Each structure stands twice: as C-alpha cells, then as structure tokens.
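Note sheet for the following structure.
The values are calculated or read from the model by the stated rules, or taken from the named source; none is laboratory data. Computed from a predicted structure; not experimentally measured. Cβ placement follows ideal geometry from the backbone for every residue including glycine, while neighbour counts extend to all protein chains displayed. These accessible areas exclude ligands, DNA and RNA; they are computed on the full protein's heavy atoms, side chains included. Shrake-Rupley method; radii C 1.70, N 1.55, O 1.52, S 1.80 Å.
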Amino acid sequence: MSSINLDRFNTLVFAGGGNRCWWQAGLLTRWTEHGLELPKHLIGTSAGAAIAAAYVAKTIPNALNACVSLYQKNPSIVRWRKLSRLRLEFAHQKIYPAWIQSFITQSSFETTQGSNHQLLVAVTHPIPLLGPAISISLGTAAYLIDKKFWHSIHPTIPKYVGLQQGFYGLHECATLAESHALLCAAAAAPPLMSAIKIQGRCTFDGGYTDNAPIVVQSTPEKAATLVLLTRHYPKRPPIFQFGGRTYLQPSRPVPVSTWDCTAKATVVDAFTLGYEDAVKLMGI
C-alpha cells in the first residue's frame, strides 16, 4: 500500500512516544489544511492522546506554541535544587500539566464535549495486589524485553504479567479538571511523572501496557482502523498492514529526543517531518 484514503477508516489510533508525537501533529495539521476529516472514533495514550485531544479541541497550533515556550524556559530535565532536601524532581512533573492546561482551556474543553469525535484515552492500572511501584518495575522490564527480542508493535508480555489496560472517554469527563487529570494520567511515566488516581484507581502511562493502544475489535472493525505510530520500524514500509489493521509510521526516525523538555528539544523538526510525510505519503 502506497497511499491512504481516510474515508476508509472509522477508528484512528494515536501511539504514544513523548516528543515523537509532534510528528502526528504535523501530519494532522496538513490533513486539516487539505480539508480532510478524521474518523469519529479516536484512541490514544501518553502524548499521543494529548495530540488527539488538541485536534478535537481545534488547538494544535496553541499546543505547539505552548510546548516550545515551556521548553525554552526550562534549563534542565532534573530540578537539581530539590536535591538539597534529598528529593529528586523531574521537570516533566510541572511542565506536562502546564502544557495540557495551556491548550485544554474551559473554552476548548467545551469544544471537545460538543465534538462529533470521541476520544478514548488509554491508561495502565497496576497489577492487582502488587501496587504501582512493583507493577511499574515489572511492566518496564516486560515491555523492554518484548521490544528488544521480538520487536513487537503491540507487546504482549506486560499484559501477561498482570498489567491492566483501561480506557476512559475524554468526552465523559464532567469537568475541565477531570479532563486535565485524565490526559496527564495517560502520560504519567514514573519517575518522570507520578501516578494519578482516575475514578479512584491508580493510573499511569498507557504505554506501559501498549504504546499503540487498541481495543478488542471484530474483523471488519480492524479493517477500518488506522494506527499512527511514532516509532520508526526500518524493516517496514511507511504504510503497512498488520493484524488486519493499517499502520502509518514516520518515513524515518523522528528527529527529536523523546523525553527532552529543554530549549534543545527539536519539537518543531518532529512536527515538520509529520507535515512533510503527509505530503509525501498522501500527495496532498
């Protein structure tokens, strides 16, 4: 497959990937400029969920500008001054919530509530009886083993060890604060960001379970699903079929550090690659 017709799809999935998700934003920006409409059903996790939310809220430009501004003001990933109190604090703990709040305002929240698009946000719940700390350690090890030895697009070991994936509708959030908490929880990757309680349950980054979250689907539903990856798989073409679904990946590794949140982070380059890939892969 060498091109994509968005009209074929009913579901669009946004993989996580930190700053790599700006590739998705560039892609969507070009699609929107060309007058294309995304499928009504959206699924996302981590920063991918935030990009999807920005699309629904019609605030992708605001989100990009806010990210650049926040990063430019931040000198380091680690807040070293906390060490004097024997505490290690990462800048993401403050920057990520501030970023979410910058483009999901009361006005844009109301836009998401009235939108025809429904976004399911994927999160991870701890292994029952083990708690978040052990669950995160086991989940990280399981995810890395799966990726290193099997190069899985959808790792299976994290679920086998007992991590539970949960899905919450952004459109079901009753308040602006609830929407902020949900989007932050989906990207809460300890130790960079602490776990958050959603509806009374401990919740952290959905990527611990599956970085490209998918729900249980019938064969026709799989055929109508497009997954936007952010990791580049060099042995696969930009557009490919896998497990009955269609996948779109960056044409090359996204030129940005995943977790950098300083002025050195090349988020605009990641955005630009997505914009250029939309032109290259869809001829628009």
Kindly indicate whether any position in segment 195-208 is assigned to a loop (DSSP other than H, G, I, E, B), in contact (Cβ under 8 Å) with a residue 60 or more places away in the chain, under 22 Å from ILE51 (Cα atoms) and not charged (D, E, K, R). yes
Residue list for segment 230-255, restricted to those being within 24 Å of PRO190 (Cβ to Cβ) and surrounded by 23 or more Cβ atoms within 10 Å (Cβ to Cβ): THR230, VAL254
Within segment 1-54, count every residue that is of a type in the set (A, V, I, L, M, F, W, C), farther than 16 Å from VAL279 by Cβ and over 14 Å from the mean Cα position of the chain (by Cα). 3
Within segment 260-284, which residues are assigned to a loop (DSSP other than H, G, I, E, B), open to solvent by 50 Å² or more (accessible area, probe 1.4 Å) and at pLDDT below 95? GLY283
Could we say that SER84 is of a type in the set (Gly, Ala, Ser), open to solvent by 20 Å² or more (accessible area, probe 1.4 Å), part of a helix (DSSP H, G or I) and at pLDDT 95 or above here? no
Please verify whether segment 155-165 includes one or more residues that are of a type in the set (A, V, I, L, M), touching a residue at least 24 places away in the same chain (Cβ under 8 Å) and under 12 Å from ALA49 (Cβ atoms). no
Check whether at least one residue in segment 179-189 is surrounded by fewer than 20 Cβ atoms within 10 Å (Cβ to Cβ) and over 17 Å from the mean Cα position of the chain (by Cα), and report yes or no. no
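Check ILE51, ILE77, ILE104 and return the single one that is within 26 Å of PRO255 (Cβ to Cβ), of a type in the set (Val, Ile, Thr) and either free of Cβ contacts under 8 Å to residues at least 24 places away in the same chain or open to solvent by less than 40 Å² (accessible area, probe 1.4 Å) (or both).
ILE51
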Going by the conditions given, is LEU119 assigned to a helix (DSSP H, G or I), modelled with pLDDT of 85 or more and either of a type in the set (Ser, Thr, Tyr) or open to solvent by less than 20 Å² (accessible area, probe 1.4 Å) (or both)? no
Residues located in segment 18-57, provided they are at pLDDT below 95 and on the phi > 0 side of the Ramachandran plot: GLY35
